[in-house]
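Structure first, then comments.
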Amino acid sequence: MKIAIILIAELTKYFSQLQLLEKMDETLRWRITTFFNYWRQRHAFIRDLDFSKHSYEANVLLWASLDALSNLWANNIGKQECSDRRKRLIFDAFLARYGGEVFQIVSLPNIWNRIDQGNICVNQQKKLKLSQDICTFLKTIGGRRTPTFTDECELRHSSDDWSMDMILTTILADYPNTDRTELKEWLIFSRYGAIAYKEMRSAYIHEGRPGKNSHSFELGESATRPTYLSGIYTTPPKIGFGVEFMLSVLASCIDAFEADALTLQKDPVPK
């Protein structure tokens, strides 16, 4: 019975979307579909490159495509989600929305390193800082300990990290007076999308190589998830975002962004 109710709800949603599309101005529909087909052509071009010879070119095109789409999204459909116009935050928000569950994850070693380095400001302009209690909590969140020799030899996995919601829920349970918005604003810079912007997008475009805290090795999960080339408790961590994995992310972002544009009848083409 429950399955039948869910199925009916999904079918109702589907037919409602069809009715919206039928009413949509044909010119607008053409503009939206043409826009996203253009990005699918860019995706196909990157996919067909020989990565053994053209890894640099593939990465530059991949990260530039995601960067462009994120900014176009922020200027249109994502405007309300991107009140903070810093490009790194826009990039992270775009991947968190369209890139899959992995971009909801926060790197705990990145958090530990930032706390160790005294990076406790939520907003430099407003002079907002994390409280000492929160800093102490974050310093060991996720069971951090002094690594043994065995720990240093065992690579960390993304499954060792926590989602943004899990971190916020855990902290607020012990420190209910904490400002959730300010805490999330601080944590976002350790989320995978924000790390990818710094270590991949910016590094490849400005330096022609992955960032010093990233890597380009093909490890066990490189085709499906970000991977660490550092120990379980090592700081700063080295996180890699493989071309094959990011190609699948780009495809997902194009499809999901297009679906939103069609449903909301929003023209993503820059004016």
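The values are calculated or read from the model by the stated rules, or taken from the named source; none is laboratory data. If you're wondering where the values come from, they're calculated on a predicted model, not measured in any experiment. Note that we place each Cβ from the backbone using ideal geometry, even for glycine, and neighbour counts take in every protein chain shown. Surface accessibility is based on the protein's heavy atoms, side chains included, excluding ligands, DNA and RNA. Shrake-Rupley method; radii C 1.70, N 1.55, O 1.52, S 1.80 Å.
When restricted to residues that are closer than 19 Å to Ser190 by Cα and either touching a strand residue (DSSP E or B) at 6+ places or on another chain (Cβ under 6 Å) or without any contact (Cβ under 8 Å) to a residue 40 or more places away in the chain (or both), the range 139-154 contains 5.
Only one of the listed residues (Ala74, Ala58, Ala44) is among the aliphatic types (A, V, I, L, M), in contact (Cβ under 8 Å) with a residue 12 or more places away in the chain and closer than 19 Å to Gly242 by Cα. That residue is Ala58.
Among residues of the range 255-271 that are in contact (Cβ under 8 Å) with a residue 12 or more places away in the chain and open to solvent by less than 70 Å² (accessible area, probe 1.4 Å), those with a Cβ under 8 angstrom from a residue that is among the basic types (Lys, Arg) and outside any helix (DSSP H, G or I), sequence gap 6+ or separate chain, pair up as Asp260/Lys266. Scan the range 208-221 and give yes if some residue there is polar (S, T, N, Q), without any contact (Cβ under 8 Å) to a residue 40 or more places away in the chain and exposed (fewer than 14 other Cβ atoms within 10 Å of the Cβ), otherwise no. No: the range 208-221 contains no residue that is polar (S, T, N, Q), without any contact (Cβ under 8 Å) to a residue 40 or more places away in the chain and exposed (fewer than 14 other Cβ atoms within 10 Å of the Cβ).
Of all the listed residues (Ile134, Ile111), the sole one being open to solvent by less than 30 Å² (accessible area, probe 1.4 Å), of a type in the set (A, V, I, L, M) and over 24 Å from Gly240 (Cβ atoms) is Ile134.
Just one residue in the set Thr146, Thr224, Thr170 is in a loop (DSSP other than H, G, I, E, B), touching a helix residue (DSSP H, G or I) at 6+ places or on another chain (Cβ under 9 Å) and open to solvent by 20 Å² or more (accessible area, probe 1.4 Å); that residue is Thr224. Only one entry of Tyr197, Tyr204, Tyr192 meets the criterion of being in contact with a strand residue (DSSP E or B) (Cβ under 6 Å, 6 or more places away or on another chain) and either farther than 20 Å from Thr140 by Cβ or surrounded by fewer than 13 Cβ atoms within 10 Å (Cβ to Cβ) (or both), and that entry is Tyr192.
Quick grid of which residues meet (1) within 20 Å of Arg97 (Cα to Cα); (2) touching a Pro at 6+ places or on another chain (Cβ under 9 Å):
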site	(1), (2)
Pro147	no, no
Ser158	yes, yes
Ser163	yes, no
Pro176	no, no
Lys184	yes, no
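A single entry from Asp179, Asp161 fulfils the requirement of being open to solvent by 10 Å² or more (accessible area, probe 1.4 Å) and either in contact (Cβ under 8 Å) with a residue 40 or more places away in the chain or touching a Leu at 6+ places or on another chain (Cβ under 8 Å) (or both): Asp161. Do we have any residue at all in the range 230-238 that's part of a helix (DSSP H, G or I), open to solvent by 40 Å² or more (accessible area, probe 1.4 Å) and modelled with pLDDT of 95 or more? No; the residues of the range 230-238 include none that is part of a helix (DSSP H, G or I), open to solvent by 40 Å² or more (accessible area, probe 1.4 Å) and modelled with pLDDT of 95 or more.
Within the span defined as the range 19-29, one or more residues are at pLDDT below 60 and open to solvent by less than 90 Å² (accessible area, probe 1.4 Å).
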